[in-house]
1. Which residues, counting only those in segment 560-586, are outside any strand (DSSP E or B) and modelled with pLDDT of 60 or more?
2. Can you go through 43, 81, 31, 35 and tell me which one is within 56 Å of the chain's Cα centre (by Cα) and in a strand (DSSP E or B)?
3. Of the conditions (1) closer than 30 Å to residue 190 by Cα; (2) out of contact with any helix residue (DSSP H, G or I) (no Cβ under 6 Å at 6 or more places or on another chain), residue 754 satisfies every one except a single condition; which number is it?
4. Quick one: is residue 474 over 30 Å from residue 243 (Cα atoms), surrounded by 17 or more Cβ atoms within 10 Å (Cβ to Cβ) and within 29 Å of the chain's Cα centre (by Cα)?
5. Here is a check on your reading of the model: is residue 127 buried (at least 24 other Cβ atoms within 10 Å of the Cβ), closer than 27 Å to residue 149 by Cβ and either out of contact with any strand residue (DSSP E or B) (no Cβ under 6 Å at 6 or more places or on another chain) or not assigned by TED's automatic domain parsing to the domain that holds residue 313 (or both)?
6. It is to be established whether one or more residues within segment 417-424 are within 19 Å of residue 250 (Cβ to Cβ), within 23 Å of the chain's Cα centre (by Cα) and surrounded by 12 or more Cβ atoms within 10 Å (Cβ to Cβ).
7. Residues that are modelled with pLDDT of 85 or more, assigned to a loop (DSSP other than H, G, I, E, B) and in contact with a strand residue (DSSP E or B) (Cβ under 6 Å, 6 or more places away or on another chain): does segment 672-682 have at least one?
8. Filter segment 181-214 down to the residues that are assigned to a loop (DSSP other than H, G, I, E, B) and in contact with a strand residue (DSSP E or B) (Cβ under 6 Å, 6 or more places away or on another chain) and list them by number.
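The values are calculated or read from the model by the stated rules, or taken from the named source; none is laboratory data. From a predicted model like this one, the values you see are computed outputs, not experimental measurements. Reconstructed Cβ throughout: ideal geometry from the backbone, glycine too, with neighbour counts over all protein chains shown.
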């Protein structure tokens, strides 16, 4: 009994002593954290050392902090199961409050599930897969960049260099697969796309890699994006070099995960990657970073003294350092202490260290997680703060592998896009986000080429493009598919086929192809044109050539070259003559309103001319009938001889369409036609035509028969079709039918290509070269005849007459001027002769008679005024002649049209020439010269 009692007292004593010691230790704030890394890998060893250095530097800079982190490390061996087992052991047996690691996204995916159960935060500085998110795994903190962030810099390179398609090669892991959807979306935003995806397991043999590379060599695309870890990527590029896929015309881009490890890769691997572009997280070079790098090299040398070369410190080691600081700040901010985990919610106790049923819950996990996410400081990699459980977007460096290392060719930032440097003055000059090749430095591409690869080539391995063509029932001038009955050999001809051949002739390279008819088992069209276009979208055809119209709903799924024909949909209707007799065709240019107005102005102008000229012009005096004739002749000459340009309208026979309005067809419930398999049916339904009123038509003769019978006779009132086909029809029946109504715009005929096709740019340029030159006209003449045989539009053939609206302004001006002249002349006439009218003494009739008599008299004052003007002119000319030493008489004689060879007489006189009022002009006499100092001359009598 005494011994048992003594034993109990001893136990209590030791319990009190060591219990107090443990409590004191807990009061000092020692907090356990776990580290799960692949200690055999370079990144794992580097991360482990940077974590230790991080804790050392942190507590040196924060000596007053009450908490201290102690590390319990586990080796994952690069295995997913081992990593999860190590994390479980740390949570269950060590009861760590947080874990740094694991390295890979696949390892982290299993570990974070355990973290969610035990509420232990996991900070990973290298798990970059976007598939890991804080939404589904709230206790996962990504202390690095999400891989999705680098998708935009890669897309910016595609936009800058003009690449439209790419092949992505990635590994079959969580790291590889999680990035692809974000890459695809980013490329689509800049008009590019992923044409093909090649996925390789991390354990892939060289034979399997070679097999996949051979497949890629048969494709047109020559831009490859590699998203792999270092071990498999190293083997890949060695094989790429051996197969000659690092030569001219190739472009390769590697992602951040591989670019960040280039400094640590074997020189032989670097030699096999010459000309490869890389997207790499940019870390600003600071003095603090330089000092830490020097300390880390010494630390590594001390840890591994037998290694000759010390690897370069990469971004993963720096991220591990910053993650350690973030965790230490979070622990201090949350006041976390070493506490016992709570008992599991379900399950019974077990001695199995990996039994999930015994996994307990950290009581401080949520508080610690919140504190970590709220931390913000300046780390070795820049500004450290978490948004949605991960670091913010970062600036990326664009590098090119050249020689034994890399060279910087530019940068990418979320705000400015691509830029040659990060100088603030340079960035301020940029107006905003750009992705242009001028923002990058020159690159030495694979094959030591300085020319930017266009991103695709035509394979030379015998593969031909599959070109779909329609099997037409009518209008075979565009595409005609025939088979030789003997050997079933295919023959495809037509206008569209010749245009396609001319386009290929313009291309700077050969394009092997074969035509594949879109037909069913009976050799007929296998569906509508929309169905045929869908075959390109589905990948069964590489292109479609034919009379395929460019319309909006088709452009949603495929791309078109520019049109090679004119565009538009309109209707064909019968024509009717608007007159049966040509006897009075000369009157058709004028409407009745214009004809009546012109006639009234004809007589009014005749009266105005006679009224103004009668008293002074002999042509408008004499017998009354002569005066009327002169006035009418003068008016008629002004009307006819001054307007020869109106005669051209008489040369057009007046033909008019029977229908010009689409709405009238709908209101009258007329039948209308369209070509079978055409998209025009959808247009007619959209415009409001009932489907019961639509009838299909095929050949040119079927068109003519349906229009001739009319809607009531079993035919149609109008046929709607595309303008190129309408012109073909009217070239056969131009005298009976015509185009009418508005033209509904479409895109014209174009060649169909898949979305973002590599051939689109070159084919489009070639089409423009053909349509802008003489080649297209030659092809049109070959299939449709000369242009002068083409029918003119109905608007030209049915020119309407000229109406009063065309000339009312002219009539207004003439009328106002004429009436103004009449009023002014009447006022002047009244003021000059009102004293002779006897207004006060005579009656109205007598006054009118007197006024008419006075008006009928010749106006002598007009001639007297003219004579005086002539005399003044003679005197002026005489003075000028005397001043110049000339004979003034010679001037007068010359002006009168008389010969001037005779000498000037000393004195002469001539009889005056009497005019109607008896006035005369005196001749010059010698007295006219006596007052002037003219030189003395011999004056002979003529």
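1. Selection gives 561, 562, 563, 564, 565, 566, 567, 568.
2. Values: 43 fails: in a strand (DSSP E or B); 81 fails: in a strand (DSSP E or B); 31 fails: within 56 Å of the chain's Cα centre (by Cα).
Among 43, 81, 31, 35, only 35 is within 56 Å of the chain's Cα centre (by Cα) and in a strand (DSSP E or B).
3. The one condition residue 754 does not meet is (2).
4. Values: over 30 Å from residue 243 (Cα atoms): yes; surrounded by 17 or more Cβ atoms within 10 Å (Cβ to Cβ): yes; within 29 Å of the chain's Cα centre (by Cα): no.
No: the conditions fail for residue 474.
5. Working: buried (at least 24 other Cβ atoms within 10 Å of the Cβ): yes; closer than 27 Å to residue 149 by Cβ: yes; either out of contact with any strand residue (DSSP E or B) (no Cβ under 6 Å at 6 or more places or on another chain) or not assigned by TED's automatic domain parsing to the domain that holds residue 313 (or both): yes.
Spelling it out, residue 127 is indeed buried (at least 24 other Cβ atoms within 10 Å of the Cβ), closer than 27 Å to residue 149 by Cβ and either out of contact with any strand residue (DSSP E or B) (no Cβ under 6 Å at 6 or more places or on another chain) or not assigned by TED's automatic domain parsing to the domain that holds residue 313 (or both).
6. Quick first cut of segment 417-424, residues within 19 Å of residue 250 (Cβ to Cβ) only: none.
Taking every residue of segment 417-424 in turn, none turns out to be within 19 Å of residue 250 (Cβ to Cβ), within 23 Å of the chain's Cα centre (by Cα) and surrounded by 12 or more Cβ atoms within 10 Å (Cβ to Cβ).
7. Checked segment 672-682: no residue is modelled with pLDDT of 85 or more, assigned to a loop (DSSP other than H, G, I, E, B) and in contact with a strand residue (DSSP E or B) (Cβ under 6 Å, 6 or more places away or on another chain).
8. Filtering segment 181-214 down to residues assigned to a loop (DSSP other than H, G, I, E, B) leaves 190-192, 201-205.
Matches in segment 181-214: 202 only.
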